[in-house]
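The values are calculated or read from the model by the stated rules, or taken from the named source; none is laboratory data. Treat the numbers as computed from the prediction; the structure is a model and nothing was measured. Here Cβ is always computed from backbone atoms with ideal geometry, including for glycine, and neighbour counts include all displayed protein chains. Accessible surface areas use protein heavy atoms only, side chains included; no ligands, DNA or RNA. Shrake-Rupley method; radii C 1.70, N 1.55, O 1.52, S 1.80 Å.
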Amino acid sequence: MSAVLELSGVRKTYRTGTLEVDALRGIDMQVEDGDYVAIMGPSGSGKSTLMHIIGCLDVPTAGTYLLAGEDVSTFDERRLADIRNRRIGFVFQQFNLLTTVSAWRNVELPLIYAGVPRHERRARAIAALERVGLADRVEHKPGELSGGQQQRVAVARALVTEPSLILADEPTGNLDSTSTRDVLDLFAELHGQGRTIVLITHEHDVAAEAAHTLVIRDGELVDDLHRGAMLDALAGGLR
Ligand code: ADP
Ligand code: MG
């Protein structure tokens, strides 16, 4: 196995006026090809900051980040946008679908940015929708689909470029329990097919679905010694 992503000594400091916040304080982590990793932690622990860096939406203040072997920690905005489009499929809490166009039109969008010819885009978008179990919904608009189905469209859109990594930020945060099950089953299936998934969540049950769980607290990954107690504490917070 090879590492899809590798962070070494990643730090992120936000500066607001004279105030500095150390949101990430030296993150070392690797995700291997085909792994399914959940990152969990309480509010304010640095999950979104870490997700933005892993997703190439922002760069670290210090440290290095290798994505599929490329050191992206020094990339400018244009190169970040390029590697995002080529390497990462995003799934967000708010599905972020265009409401006025059909499911397949939503799924084809990343292919337009990637410069894929028109005739190829429709076939690939429909194939991606088939993979998430929506073959019979390709012409439906988001408003004509359930929450779980809308998130499946978003997952199809994340898959359609064949990215190295699927990065999901609280993907079940807006779903009821049935739709949550639906989307988690889909992730399990994609993992089974060799996809690499990083899922960010504050929900213990959702994190438990992944093959590995990392816990972040105060901008640091919690070591194994304290992980069990931390997981218990997080689970306790939900009761
Ligand atoms: P989480 O997603 O786990 O709730 P965040 O990564 O959003 O945590 O935030 C980590 C810390 O960084 C918090 O103390 C937060 O207030 C601070 N922070 C996040 N984003 C910014 C920003 N853009 N500017 C300044 N401080 C920020
Ligand atoms: Mg957050």
- Residue that is more than 16 Å from ligand 2 (Cβ to nearest atom), out of contact with any Phe, Trp or Tyr (no Cβ under 8 Å at 6 or more places or on another chain) and open to solvent by 60 Å² or more (accessible area, probe 1.4 Å), where the choices are 127, 123, 81: 123
- From the residues in the stretch 141-171 that are part of a loop (DSSP other than H, G, I, E, B) and within 16 Å of ligand 1 (Cβ to nearest atom), which one is most open to solvent (accessible area, probe 1.4 Å)? 170
- Condition set under 19 Å from residue 55 (Cβ atoms) and open to solvent by 70 Å² or more (accessible area, probe 1.4 Å), scope the stretch 2-22, selection nearest to ligand 1 (Cβ to nearest atom): answer is 14
- Over the stretch 23-56, the set of residues within 16 Å of ligand 2 (Cβ to nearest atom), open to solvent by 70 Å² or more (accessible area, probe 1.4 Å) and over 26 Å from residue 188 (Cα atoms) is 44
- Message: Return the residues of the stretch 46-71 that are farther than 19 Å from residue 92 by Cβ and either among the basic types (Lys, Arg) or part of a loop (DSSP other than H, G, I, E, B) (or both); say none if nothing qualifies.
- Response: 59, 60, 61, 68, 69
- Query: Looking at (1) assigned to a helix (DSSP H, G or I); (2) at pLDDT below 95, can you tell me which one residue 74 breaks?
  - Reply: (1)
